[in-house]
Amino acid sequence: MIKTAEDLFDSAHQWLFEAIVQPVLFDLGLSAFLEDAFDGSMWLLIGVLQIILIAVVFGSLQRWRPAEPVVDRQQIRIDIFYTLIHRLGLFRLVLFFSIQPIWDFLFGQASLHGISTFHVDQIWPGVTDIAWVSLIIYILIFDLVDYFYHRAQHRFAWFWSLHAVHHSQRQMTMWSDNRNHLLDSVLRSTVFVLVAKLIGVPPGQFVLIVVLTQLVESYSHANIRLSFGKVGERFLVSPKFHRYHHSIEYNESTAGPARGHNFAVLFPIWDILFGTARFNTGYAKTGIHDQEPDAGSRDYGRSFLSQQWLGLKRMIGSKTAGF
């Protein structure tokens, strides 16, 4: 019998859990966490598959048509470390012990008081509850939330202080998507778990949304001299479209805690609707303007720990800017 990709994944997941994760938990006396560990091992397997796909497929494209030469491999290795933290479940482990219990408690209390969440897939029974239709709706909702979240990261000074860790990469590659301040990642995950619970996203579809979004983001950050063409660029964010968002050509009056362009994560339609889209761009150098010698050569850190520490220092010393 021919197995589908889903069957193969389920078999691999079951083996990983039963052969490795479950025995370790029993040996450590942590059998009470078996159910949660089963979900965690799923994210671990998904992360491994993502990293293989990124390295093989996106990596081949980068070598074939690079947007710029690779001159700072040390910073790329730092980005790989960020990716391993976020994609292999370590970051989700932190969320499990910190943010998840809070939302579970609050929504549990709301349910006890008769307050129910809104289920988007029930808007039009027979249509919106079809799996692929509801998936598209959820993806559009999350992408719109992501667009405004991203705008906020650039608008508020304290928020930009954290998000600047992401933009400080002068050698942007397929590994750069997860180069974020950990506090920034916690805040973003908190918002998206909240949205998922408010609109009633089923767990399976939430996993699929996260995976699809992460892969598109990895591709859009890749060092690839490719676009989707004049029409395609307006339907899905490409490396060319997103690279302009990271352009070091912005000065202090058009980027950072002020403004910017091409904020969309998946669909450029949001940039088009809200006037932030720029399509006729080249493949600009990336980074933050104040990293340049003539703008002060600001230090954003060259190690994981220094980037995290300097981000916190900038946030504490910043002044909040309004819209």
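Values in this text are rule-based calculations from the coordinates and carry no lab data. Note that this is a predicted model, so its numbers are computed, not measured. When we count neighbours, we look across all protein chains shown, and the Cβ atoms used for this are built from the backbone with ideal geometry, even at glycine.
Given H placed 1.01 Å from N in the peptide plane, which residues other than close sequence neighbours of residue 267 have an amide H under 5 Å from its amide H?
Amide H neighbours of residue 267, under 5 Å, 5+ apart: 237.
So for the chain, taking the charge dipole from beta-carbon charges (+1 Lys/Arg, -1 Asp/Glu), which of 194, 173, 28 sits furthest toward the positive end?
173
Over the chain, what number does the Rg to Rh ratio reach, with both radii from the alpha-carbon atoms and Rh per Kirkwood?
0.97
Going toward the positive end of the dipole of segment 65-317, with +1 on Lys and Arg Cβ and -1 on Asp and Glu Cβ, which of 71, 237, 301 do you reach last?
The Cα lying farthest towards the positive end belongs to 71.
Using θ = phi - 60° and the Karplus form 6.51 cos²θ - 1.76 cosθ + 1.60, what ³J(HN,Hα) does each residue of segment 239-247 get, whole Hz, x for Gly and Pro?
With the stated coefficients, segment 239-247 comes to x, 5, 4, 6, 4, 5, 4, 8, 4 Hz.
Arrange the peptides 305-314, 234-243, 134-143 so that the one whose residues have, on average, the most other Cβ atoms within 10 Å appears first.
234-243, 134-143, 305-314
Could you work out, for segment 1-48, what percent of all Cα-Cα pairs fall into each 10 Å distance bin, beginning at 0 Å and stopping at the bin that holds the largest distance?
For segment 1-48, the binned pair fractions read 27, 49, 20, 5 percent.
For the chain, modelled as a Gaussian network with Cα springs under 10 Å, which listed residue fluctuates most, 295, 264, 277?
295
If you plug each phi of segment 273-284 into the Karplus form 6.51 cos²θ - 1.76 cosθ + 1.60 with θ = phi - 60°, what whole-Hz ³J(HN,Hα) values come out, in order, with x for Gly and Pro?
With coefficients 6.51, -1.76 and 1.60, one gets 5, 9, x, 10, 7, 9, 9, 7, 10, x, 9, 6 Hz.
What list of ³J(HN,Hα) couplings, whole Hz, do you get for segment 45-54 from phi and the Karplus terms 6.51, -1.76, 1.60, once you set θ to phi - 60° and write x for glycine and proline?
So the J values, rounded to whole Hz, are 5, 4, x, 4, 5, 4, 5, 4, 5, 4.
At what distance in angstrom do the alpha carbon centres of segment 117-157 and segment 4-31 lie from each other?
Measuring centre to centre over Cα atoms gives 32 Å.
Once the dipole of segment 65-317 is set up with Lys and Arg at +1 and Asp and Glu at -1 on Cβ about the Cα centre, which of 283, 127, 85 lies farthest towards its positive end?
Farthest along the dipole direction, towards plus: 283.
With +1 on the Cβ of every Lys and Arg and -1 on the Cβ of every Asp and Glu, and nothing else charged, how large is the dipole of the chain about its Cα centre, in debye rounded to the nearest 20?
Dipole of the chain, to the nearest 20 debye: 1200 debye.
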